[in-house]
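Presented below is the structure to which this report refers.
The values are calculated or read from the model by the stated rules, or taken from the named source; none is laboratory data. Here the structure is a predicted model, which is why all the values come from computation and not from measurement. Quick reminder, even Gly has a Cβ in these numbers, built from the backbone with ideal geometry, and neighbours come from all protein chains shown.
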Amino acid sequence: MPVAPPLRALIFDVDGTLAETERDGHRVAFNRAFAELGLGWEWDEALYGRLLAVTGGKERMLHYWRGIDPQAAAAPDAAALVAELHRRKTRHYVELVGQGALGLRPGVRRLLEQARDSGLTLAIATTTTPDNVDALLRSTLGEGADTLFACVGAGDIVPRKKPDPGIYLWVLQRLGVPARECLAFEDSPAGLRSASAAGLRSVVTPGAYTRDEDFDGAWALLDGLGEDARPARGRVAGADWSGVVDPQCLRRWAQVGQEYLSR
């Protein structure tokens, strides 16, 4: 049997994966932007959960608008309004993050630091805007947090959002690392499909809005990254697993994963 290539890079989604940003971050920011322009739109938690099936903030707003007023959403000035709403929403989100309203999910900081110290390359592949990524990283990891990541693929840097694989392919190209030597970290079905279509195996840790979704085909499906006092639980390469996700176990999993993918 051929020797599996070494694990060289970890590529992380942001919203729901690094931090639970959706309910108390993005949703609140959207509502503040809607109120500023007097639209009378209000996305409660349940509605926003359904809207998350549409990836990308501008795309999400346009989808919602088409559902409640398709004629207005098709007007010549609709795109400009969506763009202005998104600009205001981003400003509100950055303010919320700067106020410390959002924190990293358990185990994220530990894994990022351990991975860096063990020589693994770190990258980000997300549909959220670069400003949102930068604000979250600075708020949760401190100044210079962006230097943890060799590459940040974010926002409209590719023409299509997840589940299209474009953002992952863009990151892989800039890292210069083949997909078989990387792992993706995701929390949503769209993210999983995006990573899989780019040839990546994914460690999926569902969040508040995605824990009941179908992740059929996930290589690793866990309830979190785990800590010593509260180990993560789930399945990896078809087998039950419990423990703390760290670089050592990821390297072991990567070897097993090659066998799993070749079944």
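Brief remarks follow.
- Only one entry of GLY217, GLY191, GLY226 meets the criterion of being small (Gly, Ala, Ser) and either surrounded by fewer than 20 Cβ atoms within 10 Å (Cβ to Cβ) or in contact with a Cys (Cβ under 6 Å, 6 or more places away or on another chain) (or both), and that entry is GLY217.
- In a residue-by-residue description of the stretch 154-165, the property of being surrounded by fewer than 18 Cβ atoms within 10 Å (Cβ to Cβ), among the acidic types (Asp, Glu) and within 15 Å of the chain's Cα centre (by Cα) applies to at least one position.
- All told, ALA115 meets the bar of being part of a helix (DSSP H, G or I), in contact (Cβ under 8 Å) with a residue 12 or more places away in the chain and hydrophobic (A, V, I, L, M, F, W, C).
- Hits in the stretch 110-121 - residues which are surrounded by fewer than 20 Cβ atoms within 10 Å (Cβ to Cβ) and either within 15 Å of the chain's Cα centre (by Cα) or not assigned by TED's automatic domain parsing to the domain that holds GLY226 (or both): none
- All conditions but one from (1) assigned by TED's automatic domain parsing to the domain that holds ALA179; (2) touching a Gly at 6+ places or on another chain (Cβ under 8 Å); (3) modelled with pLDDT of 95 or more apply to THR128; the one that does not is (3).
Residues checked against (1) among the aliphatic types (A, V, I, L, M); (2) surrounded by fewer than 17 Cβ atoms within 10 Å (Cβ to Cβ); (3) farther than 30 Å from GLN114 by Cα:
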residue	(1), (2), (3)
PHE12	no, no, no
GLU42	no, yes, yes
TYR48	no, no, yes
ALA53	yes, yes, yes
LEU81	yes, no, yes
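- Any hit, the stretch 55-74, residues being in a helix (DSSP H, G or I), among the aromatic types (Phe, Trp, Tyr), surrounded by 13 or more Cβ atoms within 10 Å (Cβ to Cβ) and in contact (Cβ under 8 Å) with a residue 24 or more places away in the chain: no
- Of the criteria (1) closer than 24 Å to THR126 by Cα; (2) among the small types (Gly, Ala, Ser); (3) out of contact with any helix residue (DSSP H, G or I) (no Cβ under 6 Å at 6 or more places or on another chain), which one GLY57 fails: (3)
- Qualifying residues in the stretch 237-246 (those that are modelled with pLDDT of 95 or more and in a strand (DSSP E or B)) - the one farthest from GLN114 (Cα to Cα): ASP240
- All of VAL133, VAL152, VAL203 fail the test of being touching a helix residue (DSSP H, G or I) at 6+ places or on another chain (Cβ under 9 Å), closer than 30 Å to ARG88 by Cβ, in a strand (DSSP E or B) and touching a residue at least 24 places away in the same chain (Cβ under 8 Å), apart from VAL152.
- Selection status of ARG211, out of contact with any Gly (no Cβ under 9 Å at 6 or more places or on another chain), under 17 Å from ALA115 (Cα atoms) and free of Cβ contacts under 8 Å to residues at least 40 places away in the same chain: no
- Residue check, LEU81 under 15 Å from the mean Cα position of the chain (by Cα), more than 22 Å from ALA190 (Cα to Cα) and outside any loop (DSSP other than H, G, I, E, B): no
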